[in-house]
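What follows is a set of notes on a single structure, which appears directly below.
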Amino acid sequence: MPGSVPPPSPTAVDDTAPAPSPSPVAVSGPAHLLRVTLLMAGSCLPILGAVLIAPVLPKMQDHFASVPGAKALVPLALTVPALALALLAPFAGVIVDRLGRKRLLIVATLLYAVFGTAPLYLESLGAIIASRALVGVAEAAIMTCCTTLIADYYSGHRRVKYLALQTMCASASATAFFVLGGAVGSAGWRMPFWVYAVSLVIAPLMATALPNPAARAAAGGKAQDVVPDEATGEAGAGTTDEVTARRPFPWRRMAGICALTFFGAMVFYTVPVEMAYLLDDLGVENSGVIGLATAIASAATVGGAVAFARLKRSPDPMLPAVLAVCAAGFGVMFLAGNVPLLVVGAVINCLGTGMLLPALLTSAMSRLAFEDRGRGTGLWMAAFFGGEFVCPLVLLAVEPAVGSLAGAVGVLGLVAALVAGGLLAARRRADAVAPRPLPEQPA
């Protein structure tokens with residue numbers, strides 16, 4: 001999401017059951033269309049929170065210029081929701097199972113509006129950052145609930161289809177939100193926060209149009225049985241196979257890919273967070289222009305994700321080349337002395353990051369057995385959103401040493417190139433080991 005919503009792994013869909021269970025809800029008609037629309041809209045809310053205010057960060061910086069440490073604190077208003085997501089991601093599934101998918105989704109969507117619009121009347125920068133952290137808490141619940149409900153409502157190939165649609169909607173919405181944030185921000189840095197109130201419209205529709213998830217028992221006893229609660233109508237967790245519960249989690253296999261994901265998230269999030277500042281350093285102060293330039297780069301991210309989906313290759317051999325593309329984009333941005341060249345560099349970088357996100361996730365999933373994917377995905381998300389959170393802090397720390405933000409971006413590009421070289425060297429040393437193939441795509 002900008003990557004606040006990761007793409008699904010095709011292997012995560014009923015691949016241990018002999019046959020998919022029947023869909024518990026209708027898969028056609030107006031009710032089905034409304035249900036899918038609401039789930040996709042809910043999945044876009046975390047993206048709204050992640051990118052909407054990016055074009056107005058320089059104006060916020062000017063407003064709070066007298067606040068000590070404002071140069072570090074203002075970017076936190078954009079990235080602190082990612083910290084909340086990182087901290088909650090490993091536990092999100094437990095929270096959803098305890099409180100119920102639909103009920104938690106509606107409550108979180110309402111709270112999203114309350115916390116999201118709080119900066120309209122808050123005067124303290126500290127209070128604004130605190131409200132943004134609470135937005136991240138609501139986003140973690142919304143993201144988990146929407147994804148879980150898609151899995152509850154649909155099975156087999158339909159589940160793959162709608163999880164893929166969720167990813168595409170989230171990626172494409174980022175481009176629209178950059179433009180919207182820049183256009184609305186032209187009227188003042190507080191104005192984009194009004195957009196968060198849209199969830200007040202979505203929540204009542206969710207309450208009436210989304211059915212409580214139906215029970216589904218997985219074949220073979222390998223997946224968790226789901227039993228409807230008589231009091232709430234929600235699906236609750238049943239018992240899980242004891243052998244599965246005792247299986248050791250592959251911590252060592254996940255450690256390397258999670259560390260790489262943490263760094264990859266810094267690469268992924270640099271353009272969305274820092275583009276406004278880089279343009280401001282070149283003399284561009286119009287929020288609309290900043291939003292449009294960032295949206296063009298974001299569109300390249302979508303293009304990179306589509307390109308990755310068409311390649312159908314094992315992800316590990318691709319990672320060095322993908323990181324090299326990201327590094328090349330940073331290099332052009334470092335050398336750019338004008339706006340068009342800066343945008344070209346951002347587009348090159350975002351083409352790479354669009355491939356980087358699904359490559360990292362697919363690589364992580366290839367290391368996990370079916371029984372480990374829930375916890376493994378939570379750890380992966382924690383690493384990704386943790387990297388997003390520290391991204392502006394790392395660049396801020398490097399900037400004084402190199403003299404400019406563009407120089408800090410250039411340093412990050414150099415590190416990305418070194419990481420790409422290291423991965424390539426490691427890959428060549430492991431030539432004797434067969435590469436992990438991508439799971440076969442469903443027809």
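The values are calculated or read from the model by the stated rules, or taken from the named source; none is laboratory data. What you are looking at is a predicted structure, and each value in this text was computed from that prediction instead of being measured. Don't worry about glycine lacking a Cβ; one is built from the backbone with ideal geometry, like all the others, and counts go over all protein chains shown.
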**Report entry** Conditions (1) modelled with pLDDT under 85; (2) crowded, with 22+ Cβ neighbours inside 10 Å; number of the one not met by LEU351
**Finding:** (1)
Report task. Go through segment 336-351 and count every residue that is closer than 18 Å to LEU414 by Cα and outside any helix (DSSP H, G or I). Result -> 1
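Select from segment 175-223 the residues that are part of a loop (DSSP other than H, G, I, E, B) and touching a helix residue (DSSP H, G or I) at 6+ places or on another chain (Cβ under 6 Å) and write down the one among them that is modelled with the lowest pLDDT. Let's see the steps before the verdict.
Step one: list which residues in segment 175-223 are part of a loop (DSSP other than H, G, I, E, B), which gives 186-190, 210-218, 222-223.
Going one step further and asking which of them are touching a helix residue (DSSP H, G or I) at 6+ places or on another chain (Cβ under 6 Å), we end up with 186, 189-190, 210, 212-213.
Numbers: SER186: 78, TRP189: 85, ARG190: 87, LEU210: 90, ASN212: 81, PRO213: 71.
My answer is PRO213.
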Report summary line: Residue count, segment 112-128, condition buried (at least 20 other Cβ atoms within 10 Å of the Cβ) and not in a helix (DSSP H, G or I), comes to 1
Requested in this report: Tell me which residues, restricted to segment 5-58, are over 23 Å from ALA138 (Cα atoms) and at pLDDT 50 or above.
Outcome: PRO24, VAL25, ALA26, VAL27, SER28, GLY29, PRO30, ALA31, HIS32, LEU33, PRO58
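Do we have VAL160 as at pLDDT 90 or above and either on the phi < 0 side of the Ramachandran plot or assigned to a helix (DSSP H, G or I) (or both) here? Reasoning before the result, please.
Numbers: at pLDDT 90 or above: no; either on the phi < 0 side of the Ramachandran plot or assigned to a helix (DSSP H, G or I) (or both): yes.
No, not satisfied.
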